[in-house]
Amino acid sequence: MNSNHKEERNSPMKTTAHLFSMIAAIVLITACLSCTKSDDEITKDTYGIILKGYTAMRIDPMIFSGIVSELNKGTSVQILERSRGKSWVGKSNGYWYKIKTKEGLTGWVFAQNISIYSSKSKDSMNRIINQFMDSERAQAKQYLIGKWWSTNEFGDFTDHCIELYDSGKYKSYLKGNEDRPIVGTYKLDFNKNEIIFSGGTSFKSNLDLAKRGNDYIIKKSMKDFELRFTKISIETSPEPELKDPGRKKPAGGGDENKAQ
């Protein structure tokens, strides 16, 4: 396996990701018939939806403040107040919002990590959250479909391949063992930001899933190195047949240092 795989990347991946982003926006607008977007007036009926996994809720409205908790994508919170002025976090300029979780924790999150709504109906908020999470799953799944090959810290291809299918099936194998793959079903867990594999993998682990703009990164921190995957093609080999789909094997186990 060599670097010529990089030339096989296909622009439709980004086009599809942009399309799903537009669809997600339309879905949220439709769901808001009884729930209006509001960034101005903060009332007891102002709520927010956390947009990114592992969003830091901080003690004070500043990037270097201590972290109270980390929030999952799709978490609903009550908005208590907004910072007086905007501030810069990286390349983004926006307000900070003081929030309260259903557990009673309070803290501040930056504007880029939260979407603000005004609603007197919890059912309306629940519908928006469900629509948001459904569109996120659909967008992520569409992006992930294809063939991914492992790379090292220098970007060189190594020994592991994972093929993901629209049906929710996957195929995992080592270089040279394409005819003896590990197969099963996968699911996206946005609470843990993971891709979970039902039947195990050649690298003996699940994978972390991170979103960067409209793109997704799949990787795993091992004991002595970080295992990353690069999408080499939107095409896959024939979809595997699952002989016993009801029987699930753990994805972990084994010596993680063997995966390279």
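The values are calculated or read from the model by the stated rules, or taken from the named source; none is laboratory data. Not measured: the values here are computed from a predicted model. Here the Cβ positions follow ideal geometry from the backbone for every residue, glycine too, while neighbour counts run over all protein chains shown.
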**Message:** Just to check your reading of the model, which residue among A111, A138 is small (G, A, S), surrounded by fewer than 16 Cβ atoms within 10 Å (Cβ to Cβ) and under 20 Å from the mean Cα position of the chain (by Cα)?
**Reply:** A138
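Can you name every one of the strands (runs of 3 or more DSSP E) wholly within the stretch 202-260 that holds 1 or more residues which are at pLDDT 85 or above and among the aromatic types (F, W, Y)?
215-221, 226-233
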**Asked** How many residues does the stretch 188-197 contain that are out of contact with any helix residue (DSSP H, G or I) (no Cβ under 9 Å at 6 or more places or on another chain) and at pLDDT below 95?
**Response** 5
**Asked** When the residues of the stretch 124-165 are filtered to those that are touching a residue at least 60 places away in the same chain (Cβ under 8 Å) and among the aromatic types (F, W, Y), which remaining residue is nearest to G184 (Cα to Cα)?
**Response** Y165
**Message:** Any residue that is under 22 Å from A210 (Cβ atoms), in contact with an Asp or Glu (Cβ under 8 Å, 6 or more places away or on another chain) and loosely packed, with under 14 Cβ neighbours inside 10 Å - is there at least one of those in the stretch 166-189?
**Reply:** no
**Fill in**
Those residues of the stretch 66-80 which are surrounded by fewer than 15 Cβ atoms within 10 Å (Cβ to Cβ) and more than 22 Å from the chain's Cα centre (by Cα) amount to G66
